[in-house]
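*Asks:* Below: one structure in structure tokens.
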């Protein structure tokens with residue numbers, strides 16, 4: 001579906017997703033403070049959003065360097081992206097796992113922040129695809 005988008009759409013989509021996630025996270029953070037959610041849960045929400053945005057930035061930088069290397073086979077590109085992606089996601093999983101084991105509320109907050117980012121990302125992708133006429 002994303003391959004049918006114009007080339008300049010993806011950077012705008014990523015920028016809008018980051019900005020929208022920061023706004024939604026700020027609203028969720030202050031809302032959680034008003035609802036007397038434990039402070040570690042509110043902090044975990046911000047940490048989760050931060051992890052998701054950092055992951056997005058690393059992915060963006062990684063794909064930019066792969067494209068700059070010129071003509072490569074799809075298998076070579078998958079191998080380059082796959083290893084680093086597995087490492088990056090493994091590190092994030094360990095961080096979340098340790099947080100859940102050390103402080104349940106913090107860990108659940110981090111997971112909530114990661115989920116919040118994904119919801120905003122999917123909503124932005126659906127909006128862009130709908131604006132450009134959907135998939136054909």
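The values are calculated or read from the model by the stated rules, or taken from the named source; none is laboratory data. Just so we're clear, the structure is a prediction, and the values are computed from it rather than from any experiment. Glycine also receives a Cβ, built like all others from the backbone with ideal geometry; neighbour counts cover every protein chain displayed.
*Asks:* Exactly one condition in (1) surrounded by fewer than 16 Cβ atoms within 10 Å (Cβ to Cβ); (2) modelled with pLDDT under 85; (3) in a helix (DSSP H, G or I) is not met by residue 134; state its number.
*Replies:* Result: residue 134 fails condition (3) only.
*Asks:* Condition (residue is in a helix (DSSP H, G or I), touching a residue at least 60 places away in the same chain (Cβ under 8 Å), within 27 Å of residue 8 (Cβ to Cβ) and over 12 Å from the mean Cα position of the chain (by Cα)) applied to segment 55-76: is it met by at least one residue?
*Replies:* Checking segment 55-76: not a single residue is in a helix (DSSP H, G or I), touching a residue at least 60 places away in the same chain (Cβ under 8 Å), within 27 Å of residue 8 (Cβ to Cβ) and over 12 Å from the mean Cα position of the chain (by Cα).
*Asks:* Now, a different point. List every residue pair whose Cβ atoms sit under 7 Å apart, with the two residues 6 or more apart in sequence or on different chains, where the first one lies in segment 3-16 and is closer than 14 Å to residue 126 by Cβ and the second, anywhere, is at pLDDT 75 or above and surrounded by 11 or more Cβ atoms within 10 Å (Cβ to Cβ).
*Replies:* That search, which allows pairs on different chains as well, returns 5/128; 5/132; 9/128; 13/124; 13/125; 13/128; 16/124.
*Asks:* Going by the conditions given, is residue 94 modelled with pLDDT under 90 and surrounded by fewer than 12 Cβ atoms within 10 Å (Cβ to Cβ)?
*Replies:* Considered against the rule, which asks whether it is modelled with pLDDT under 90 and surrounded by fewer than 12 Cβ atoms within 10 Å (Cβ to Cβ), residue 94 comes out as no.
*Asks:* Being in contact (Cβ under 8 Å) with a residue 40 or more places away in the chain and either surrounded by 13 or more Cβ atoms within 10 Å (Cβ to Cβ) or at negative phi (or both), is that true of even one residue in segment 78-89?
*Replies:* no
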